Ligand code: OGA
Ligand code: NI
């Protein structure tokens with residue numbers, strides 16, 4: 001119970017908002033996007049080029065194969081340093097599970113609004129459920145997106161009231177998938193630790209119990225896509241994140257060298273990115289890169305994002321093994337305080353991690 005309380009304290013609340021999927025189907029060519037969704041900054045910061053950029057590809061099968069491991073681990077290091085993002089292929093998550101879960105997610109979002117609202121956020125302090133997060137005022141601009149947000153690990157902290165019972169395979173597939181992601185994260189941590197000069201046991205300890213949440217995102221198409229933002233610019237306040245493109249509709253953009261670029265993901269690859277926690281632990285060797293999601297006129301984008309977090313009780317600070325004889329580039333803060341700061345404000349780029357820079 002104590003742990004449950006700690007989790008609820010650290011994640012805050014979010015105001016209820018209109019359902020965007022319903023809104024998107026109700027507006028037509030003669031009506032406009034409501035003011036609350038109009039985002040001038042999307043125009044101010046347009047994508048630098050309409051070309052889709054392919055992220056570095058990391059092959060998990062090679063990473064764990066003695067013959068290729070060193071070479072692939074070097075590629076991983078470079079991808080983490082230069083991009084903060086990569087695509088993970090040959091990851092070993094069973095094909096039938098990937099396909100089954102994708103069908104379940106798509107079916108869930110295609111259900112009538114009343115059915116989805118059975119899982120709506122309940123202001124229980126954990127921001128789990130169907131709705132939106134980071135909404136703290138009635139004046140605030142809103143993202144063109146609905147989401148279902150659930151805590152999946154540790155298993156003892158699951159609140160099944162937010163887990164849809166239909167489609168009937170959904171819960172079981174989420175459970176299996178959650179474990180697969182945990183295994184992938186553990187494996188990646190080993191190589192990331194070695195790449196930044198830390199014993200793998202240090203990362204294993206920091207991420208023990210593998211706290212994990214999953215967000216299922218539904219970005220409806222929009223007749224005026226230049227006016228709205230699907231997902232506000234942000235970096236992830238996690239150790240490591242996995243994004244799965246559920247229906248292969250692109251829209252993810254990352255900020256590289258100051259400019260927004262379109263990312264194209266290979267089918268069934270995970271788009272993996274390092275979060276703020278890893279940036280701090282690694283003393284900035286790796287950066288958590290800002291990203292956002294834009295919409296289009298034709299197709300809904302459906303994605304799954306899963307965040308792998310450290311143990312709730314840790315102090316966040318650059319690891320001494322990484323600092324060596326150098327200086328820390330970030331101050332220290334408890335993980336709980338960091339998360340409180342993250343959820344107590346609108347999504348706003350990398351502002352929380354920036355406050356810790358020395
Ligand atoms: C996120 C995120 C990207 C996407 O949920 O943090 O960046 O494509 N999602 O949905
Ligand atoms: Ni993100």
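The values are calculated or read from the model by the stated rules, or taken from the named source; none is laboratory data. Just so it is clear, the structure is predicted and the values come from calculations on it, not from any experiment. Don't worry about glycine lacking a Cβ; one is built from the backbone with ideal geometry, like all the others, and counts go over all protein chains shown.
Overview of results
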item	result
Residue satisfying all of: in segment 304-333; touching a helix residue (DSSP H, G or I) at 6+ places or on another chain (Cβ under 9 Å) and assigned to a strand (DSSP E or B); farthest from ligand 2 (Cβ to nearest atom) among these	315
Top-ranked residue in segment 211-240 [being part of a loop (DSSP other than H, G, I, E, B) and within 16 Å of ligand 2 (Cβ to nearest atom); ranked as nearest to residue 148 (Cα to Cα)]	230
Only one of 293, 243, 202, 229 that is surrounded by 19 or more Cβ atoms within 10 Å (Cβ to Cβ) and either away from ligand 1 (no atom under 16 Å from the Cβ) or under 20 Å from residue 58 (Cβ atoms) (or both)	243
Options 321, 337, 298; residue that is surrounded by fewer than 19 Cβ atoms within 10 Å (Cβ to Cβ), modelled with pLDDT of 95 or more and over 17 Å from the mean Cα position of the chain (by Cα)	321
Subset of segment 278-290 (residues that are within 14 Å of ligand 1 (Cβ to nearest atom) and either farther than 27 Å from residue 92 by Cα or in contact with a helix residue (DSSP H, G or I) (Cβ under 8 Å, 6 or more places away or on another chain) (or both))	288, 290
Filtered residue count, segment 128-146, keeping only those that are within 15 Å of residue 13 (Cα to Cα) and crowded, with 22+ Cβ neighbours inside 10 Å	4
Any chance residue 170 is within 16 Å of ligand 1 (Cβ to nearest atom), touching a residue at least 12 places away in the same chain (Cβ under 8 Å) and either surrounded by 14 or more Cβ atoms within 10 Å (Cβ to Cβ) or within 20 Å of residue 222 (Cα to Cα) (or both)	no
Residue within segment 190-205 that is in contact with a strand residue (DSSP E or B) (Cβ under 6 Å, 6 or more places away or on another chain) and either within 16 Å of ligand 2 (Cβ to nearest atom) or without any contact (Cβ under 8 Å) to a residue 60 or more places away in the chain (or both) present	no
Test result for residue 98, outside any helix (DSSP H, G or I), away from ligand 2 (no atom under 16 Å from the Cβ), in contact (Cβ under 8 Å) with a residue 40 or more places away in the chain and under 21 Å from the mean Cα position of the chain (by Cα)	no
Answer from 285, 277 - the residue that is under 21 Å from the mean Cα position of the chain (by Cα), under 21 Å from residue 55 (Cβ atoms) and in a helix (DSSP H, G or I)	277
Residues (assigned to a helix (DSSP H, G or I), more than 27 Å from residue 232 (Cα to Cα) and touching a helix residue (DSSP H, G or I) at 6+ places or on another chain (Cβ under 6 Å)) located in segment 158-193	170, 173, 176, 189, 190, 191, 193
Some residue of segment 145-152 being in contact with a helix residue (DSSP H, G or I) (Cβ under 8 Å, 6 or more places away or on another chain), assigned to a loop (DSSP other than H, G, I, E, B) and closer than 18 Å to residue 218 by Cβ	yes
Set 249, 272: member being within 12 Å of ligand 1 (Cβ to nearest atom), in contact with a strand residue (DSSP E or B) (Cβ under 8 Å, 6 or more places away or on another chain), part of a loop (DSSP other than H, G, I, E, B) and on the phi < 0 side of the Ramachandran plot	249
